[in-house]
Amino acid sequence: MAPRAIITGAAGLIGQYLVKTAPRWAPGWYVQGLSRAELELTETSKVTAHIHALKPDLLIHCAALSRTKACEQDPAQARRDNVDVTAHLAQLSQNIPFIFLSSGEVFDGKTGGYGESDEPNPINVYGQTKLEAERVVLQNPQHTVVRIVLTSGTAQNGDRSFVEDMCRTAKAGKDVTLYADEFRCPLPASVIARACWELADRRQPGLYHLGGSERLSRWEIGEALLPWYPELKGRLVKGSARNHIGSPRPADLSLRCDKIQRLLSFHIPGFREWLTGGSSRGSDLWDYPDDRA
Ligand SMILES: NC(=O)c1ccc[n+]([C@@H]2O[C@H](COP(=O)([O-])OP(=O)(O)OC[C@H]3O[C@@H](n4cnc5c(N)ncnc54)[C@H](OP(=O)(O)O)[C@@H]3O)[C@@H](O)[C@H]2O)c1
């Protein structure tokens, strides 16, 4: 019988990709996605019973309160969803590999180019809860934390990725302000899913950074998307993080990813390289043409 992998947050952006890419990248696994509709993860005793019944051989934990603003508005909920749920699932997975999706938001963004050994210093509630959860997860030497940054992709309801957010705003007739002095290293959810499946197979637990190989400002990201998303035309406005109002945002969350790159069978692309097909067009990375970004 094939070993069983459980994906939490299966109705979310990355969870959806982990489930839909499994036949391609994880053919040896029997993969079962868990959405909130199937299991509310804060209901501790139900979760314990459910996981014991399923007897997974691997758990990839994607469920989270992932919107920075929502965490800032309700820190108690952020703690329940991001820290308590993660700690409970990690404990239930104490004898199996556990992969936890964390975030570059654990850094303050003052320098960018962060490696795994750099000291985190979160500046918002979301980053604080992700860091706290990471520390619990990494107490188990069998467990893995993967820090990712800005993720593109197409969700079933079209309401998850930053690209979907931008297009929705533009279609509503509103401008999309993009900071020219805020830097990220975006990566498509399809690439993240493939990397996670490979990581599961490598059995080399620990802390990994996984971002696109190109550092881009938000403005540059918007410009790169324009040819593919005509609805954005005339709607992008260049702005500066100096004028930002709202929850604190780290300025530069570019990541150094050489540690995970050494384990992967494929080159982690830069975002513009991925959008245009780059040198690897036709390779396995571009198997999801509908998911351009
Ligand atoms: N996408 C990014 O740019 C990005 C960047 C850095 C890190 N990450 C991390 O990567 C992981 C996956 O992100 P994502 O973009 O796929 O997030 P997402 O689209 O927001 O999906 C998260 C899923 O978790 C579910 N969930 C939250 N709390 C739950 C609970 N108590 N019980 C059951 N389900 C619950 C949500 O359900 P509902 O829809 O019902 O709320 C949602 O379906 C997260 O840990 C996130 O923090 C993402």
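Side notes on the structure shown:
- The lysines whose alpha-carbon is closer than 19 Å to the alpha-carbon of LYS233, local same-chain residues fewer than 8 away aside, are LYS171, LYS174.
- When both bridge partners sit in the chain, DSSP labels roughly 5% of those beta bridges antiparallel.
- From most to least packed by mean Cβ count within 10 Å, the peptides 85-92, 10-17 give 10-17, 85-92.
- Reciprocal of mean inverse Cα separation for the stretch 1-152 (Kirkwood radius, Å): 15.8
- For the stretch 1-145: relative contact order, % (alpha-carbon pairs under 8 angstrom, 6 or more apart): 23
- Normalised contact order of the chain, rounded percent, pairs of Cα under 8 Å and 6 or more residues apart: 20
- Calculated on alpha-carbon atoms, Rg and Dmax of the chain in Å: 18.3, 56
- Candidate lysines for bridging to LYS130, where Cα separation is under 24 Å - those fewer than 8 sequence places away on the same chain excluded: LYS46, LYS69, LYS110, LYS259
- According to the Kirkwood relation over distinct C-alpha pairs, the hydrodynamic radius of the stretch 123-179 is 14.2 Å.
- Model label sites at SER240 and GLU38, defined 7 Å from Cα along the beta-carbon direction, differ in position by 4.9 nm.
- Residue-averaged [θ]222 nm for the chain, counting only DSSP H segments that reach four residues, each worth -39500 (n - 2.57): -9500 deg cm²/dmol
- Residues of type aspartates and glutamates that LYS238 reaches as a straight line, Cα spacing below 12 Å, ignoring anything fewer than 8 places off in the same chain: ASP175, ASP181, GLU182, GLU220, GLU223
- Burial order of peptide ranges 207-220, 172-185, 148-161 (average beta-carbon count within 10 Å, highest first): 207-220, 148-161, 172-185
- Computing FRET efficiency as 1/(1 + (r/R0)^6) for ALA70 and HIS50, where r is the C-beta to C-beta distance and R0 is 30 Å, gives about 0.75.
- In this structure the chain gives 45 Å² per residue of accessible area when probed at 1.4 Å with all protein chains present.
- Each pair of Cα atoms in the stretch 104-148 enters the Kirkwood radius, and Stokes-Einstein at 4 °C and 1.567 mPa s then converts it into a translational diffusion coefficient of 118 µm²/s.
- Burial order of peptide ranges 127-139, 263-275 (average beta-carbon count within 10 Å, highest first): 127-139, 263-275
- Solvent accessible area, Å² - HIS50, 1.4 Å probe, full protein context: 60
The values are calculated or read from the model by the stated rules, or taken from the named source; none is laboratory data. Keep in mind the model is a prediction, meaning the values are calculated, not measured. Using ideal geometry, Cβ is built from the backbone for each residue, glycine included, and neighbour counts are taken over all protein chains shown. Heavy atoms of the whole protein, side chains included, go into the accessibility calculation; ligands, DNA and RNA do not. Shrake-Rupley method; radii C 1.70, N 1.55, O 1.52, S 1.80 Å.
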